[in-house]
1. Scan region 110-128 and give yes if some residue there is of a type in the set (G, A, S), open to solvent by less than 20 Å² (accessible area, probe 1.4 Å) and closer than 26 Å to V144 by Cβ, otherwise no.
2. Among the residues of region 198-245, which ones are open to solvent by less than 40 Å² (accessible area, probe 1.4 Å), among the aromatic types (F, W, Y) and either without any contact (Cβ under 8 Å) to a residue 24 or more places away in the chain or more than 21 Å from D164 (Cα to Cα) (or both)?
3. Quick one: which helices (runs of 4 or more DSSP H) lie wholly within region 44-131 and hold at least 2 residues that are over 12 Å from the mean Cα position of the chain (by Cα) and more than 16 Å from V6 (Cα to Cα)?
4. Scan region 35-43 and give yes if some residue there is in contact with a Ser or Thr (Cβ under 7 Å, 6 or more places away or on another chain) and surrounded by fewer than 18 Cβ atoms within 10 Å (Cβ to Cβ), otherwise no.
5. Can you tell me which residue among D64, D157, D138, D74 is at pLDDT 85 or above, charged (D, E, K, R) and more than 30 Å from V221 (Cα to Cα)?
Amino acid sequence: MKSLRVLIIEDELVTAHDIKETLEKAGHMIIDIARNLSAALSSIRVNTPDIVLIDIHLEHSAEDGIDIARRILDIKTIPIIYLTGHSEQPTIVRAQQTRPAAYLLKPFRHKELAIQVELAYHNYQVSLASSIDPFLSDSLYLPVDQGSGYVKVKKSDVLYLVADRMYVEIYLAGKAQKSVFCMNLGYIAQFFTTPNFYHLSRSLVVNLDHVERIERGQFYVRGQEHSVPFPEANHKLFLQQFAIVKTPSKRESR
């Protein structure tokens, strides 16, 4: 992997310098650490980076990271990686509109950060060279481990996606075994932008079209006997994604 020029946009300086140290140890060059929009734009005009790492929540900036990413992309087409502790659906949807190369949720493991940056840059370059837009395509061809090729994944067949550290497990309709890919959930989830793909938690994306049964803290999908757990705190919001018919009260049933 070639040495990458990296711009970090992060207003927590301790976090920013941790990222800087991790990536420099991996052989990459940090061209600047910016804390707001003006500093980021100035840095890009002076020395264009290969990739930009942006924290979405910036306390010392009038614009958040997504707004800054939009302004950057107006100037130059550059792969963006979001670093954030936010996994709310509206935030994810806004971030997806900028087509980031990856979306890493805090707290992330610094040992894996360099790998994710390199994968994000590689996959971004591959997608640029592709004649078919993976955001719009009905199917994706995902890389098999150790560079041995690509495997087809039809989006409508995806039951759900689960994050497992630096890997993503994809469960498909009609297949007993899960498929595992070396990439983070934030990156791959951006290609599943239709409303039926719902971020149920920071580590779980579910295809609502395949949900057959919902209980508190777990749901069942078509063709699988075992349940899929999710945080009970998200139960109410999850139910709102479906046309729920509630049991009438005694007064209503009279």
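1. Let us first name the residues in region 110-128 that are of a type in the set (G, A, S), namely 114, 120, 127.
From what's left, open to solvent by less than 20 Å² (accessible area, probe 1.4 Å): 114, 120.
Restricting the remaining residues to those that are closer than 26 Å to V144 by Cβ gives 114, 120.
Yes, the conditions are met somewhere in region 110-128.
2. Of everything in region 198-245, those that are open to solvent by less than 40 Å² (accessible area, probe 1.4 Å), among the aromatic types (F, W, Y) and either without any contact (Cβ under 8 Å) to a residue 24 or more places away in the chain or more than 21 Å from D164 (Cα to Cα) (or both) turn out to be F219, F238.
3. Numbers: elements: 65-75, 89-96, 110-129.
Qualifying helices (runs of 4 or more DSSP H): 65-75, 110-129.
4. Residues of region 35-43 that are in contact with a Ser or Thr (Cβ under 7 Å, 6 or more places away or on another chain), as a first pass: 35-37.
Now narrow it down to the ones that are surrounded by fewer than 18 Cβ atoms within 10 Å (Cβ to Cβ): 36.
So far as region 35-43 goes, yes, one or more of its residues are in contact with a Ser or Thr (Cβ under 7 Å, 6 or more places away or on another chain) and surrounded by fewer than 18 Cβ atoms within 10 Å (Cβ to Cβ).
5. Working: D157 fails: more than 30 Å from V221 (Cα to Cα); D138 fails: more than 30 Å from V221 (Cα to Cα); D74 fails: at pLDDT 85 or above.
Selected residue: D64, the only one of D64, D157, D138, D74 that is at pLDDT 85 or above, charged (D, E, K, R) and more than 30 Å from V221 (Cα to Cα).
Results for (1) within 30 Å of K236 (Cα to Cα); (2) among the β-branched types (V, I, T); (3) without any contact (Cβ under 8 Å) to a residue 60 or more places away in the chain, shown as yes or no for each residue.
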| site | (1), (2), (3) |
| --- | --- |
| A34 | no, no, yes |
| L37 | no, no, yes |
| I56 | yes, yes, yes |
| I68 | no, yes, yes |
| Y82 | yes, no, no |
| P107 | yes, no, yes |
| S127 | no, no, yes |
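The values are calculated or read from the model by the stated rules, or taken from the named source; none is laboratory data. In this text, all values refer to a predicted model and were calculated from it rather than measured experimentally. Because the Cβ atoms are built from the backbone with ideal geometry, glycine has one as well, and the counts that use them run over all protein chains shown. In case anyone asks, the SASA skips ligands and DNA or RNA and just uses the protein heavy atoms, side chains included. Shrake-Rupley method; radii C 1.70, N 1.55, O 1.52, S 1.80 Å.
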